[in-house]
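I have placed the structure first, in the form of structure tokens, so that the comments after it can refer back to it.
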Amino acid sequence: MELDIIKKIFENRKGQLIGKYKKSAVMILLCEVEGKEHIIYEQRAFTLKHQPGDICFPGGKIDEGETPVEAAVREVSEELGVEKSEIEVIGEMDYFISPYGAIMYPFVGRLNTKNINPNKDEVDHIFMVPLEFLENNQPEVHEINIMPQIKDDFPFHMIYGGREYKFARGKMLQYFYSYENHYIWGFTALITKCFIDIIKNYKDN
């Protein structure tokens with residue numbers, strides 16, 4: 001009986017991520033300036049509670065019932081004050097699972113208008129970085145350690161080795177791009193680097 005139930009549950013079940021994650025979508029948004037492709041970045045409004053002043057791609061939380069690409073297009077439209085019809089979705093980038101319980105789905109797109117009116121509640125200002133600059137300038141790289149922060153009431157007595165148990169530790173690379181008076185870092189710089197690496201690898205092969 002139990003086996004029959006298990007078979008019914010799992011025969012056609014598709015695997016999912018274990019755990020709950022905050023899901024967001026962003027757009028690597030290209031636009032043409034003086035005949036050359038640029039990427040649009042935002043500096044978040046300094047009045048925001050979450051990551052004020054950070055530099056990021058247009059994007060945000062995926063709402064209930066939305067696909068990641070729908071969320072990315074909606075967020076670009078809302079943050080930059082452009083029509084959805086002016087946003088051309090080119091394709092998908094690789095998505096990123098952070099060690100902090102979040103999944104970010106980046107997309108590649110192109111903005112087919114010069115009439116940008118950023119939402120001042122969310123965006124302090126935008127700036128554009130030439131694709132050529134990013135291809136020709138490697139980011140600065142730094143390493144940070146990721147390790148468990150264990151509370152005093154943790155049940156060490158249930159683990160072989162107790163307090164001496166060797167919990168897994170990790171390292172995470174942090175990339176930094178400097179362009180004029182702006183510093184692009186964090187997940188935005190990581191996604192930027194991955195995007196540029198994909199382009200370079202294609203050109204080299």
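Exposure proxy ranking for Asp197, Asp152, based on other Cβ atoms within 10 angstrom of each Cβ and starting from the fewest, stands as Asp152, Asp197. Estimated from helices alone, the mean residue ellipticity of the chain at 222 nm is -7000 deg cm²/dmol (sum of -39500 (n - 2.57) over DSSP H runs with n ≥ 4, per residue). Amide H contacts for Ile62 (H built 1.01 Å from N in the peptide plane; partners 5 or more residues away or on another chain; cut-off under 5 Å): Lys23, Ser24, Ala25.
Among Leu48, Leu134, Leu30, Leu80, the ranking by other beta carbons within 10 Å of each residue's beta carbon, starting with the fewest, stands as Leu48, Leu30, Leu134, Leu80.
Of Lys7/Lys193; Lys14/Lys114; Lys22/Lys151; Lys23/Lys120, which sit over 32 Å apart, Cα to Cα? Kindly include the intermediate steps, with their values, before the conclusion.
Numbers: Lys7/Lys193 44 Å; Lys14/Lys114 43 Å; Lys22/Lys151 24 Å; Lys23/Lys120 24 Å.
Over 32 Å Cα-Cα: Lys7/Lys193; Lys14/Lys114.
In plain terms, the residue of Arg44, Arg169 with the fewest other Cβ atoms within 10 Å comes first and the most crowded comes last, giving Arg169, Arg44.
Remark: region 191-205, residue by residue, has Karplus-estimated 3J(HN,Hα) of 5, 4, 4, 4, 4, 5, 4, 4, 5, 4, 4, 5, 5, 7, 9 Hz, where x stands for each Gly or Pro and the curve is 6.51 cos²θ - 1.76 cosθ + 1.60 at θ = phi - 60°. When only Cα pairs below 8 angstrom with a gap of at least 6 residues are kept, the chain shows a relative contact order of 20 percent. Rounded to the nearest whole Hz, the Karplus-based 3J(HN,Hα) values (6.51 cos²θ - 1.76 cosθ + 1.60, θ = phi - 60°) of region 53-60 follow the sequence x, 5, 8, 8, 7, x, x, x, with x at glycine and proline. Put the Cα centre of region 104-124 next to the Cα centre of region 131-192 and the gap is 27 Å.
Here the Karplus curve 6.51 cos²θ - 1.76 cosθ + 1.60, taken at θ = phi - 60°, turns the phi angles of region 102-118 into couplings of 9, 10, 10, 9, x, 10, 9, x, 9, 9, 9, 7, 9, 8, 10, 10, x Hz, with x standing for Gly and Pro.
Restricting the calculation to alpha carbons of the chain gives Rg and Dmax of 21.0, 70 angstrom. When you filter the GluC sites (Glu not before Pro) in region 58-114 for DSSP loop state and at most 16 other Cβ atoms inside 10 Å of their Cβ, you are left with Glu64, Glu66, Glu83. Below 14 angstrom from the Cβ of Met1, what's the summed charge of the other residues (Lys, Arg +1; Asp, Glu -1)? Spelling it out: positives minus negatives among the neighbours equals 0. Put simply, the amide H of Ala45, placed in the peptide plane, has neighbours under 5 Å in Gly53, Val123, Asp124, leaving out anything fewer than 5 places away on its chain.
All of the numbers you see were taken from the coordinates with simple rules; none came from a lab. Here the structure is a predicted model, which is why all the values come from computation and not from measurement. Ideal geometry is used to build each Cβ from the backbone, glycine not excepted, and the neighbour counts take in all protein chains shown.
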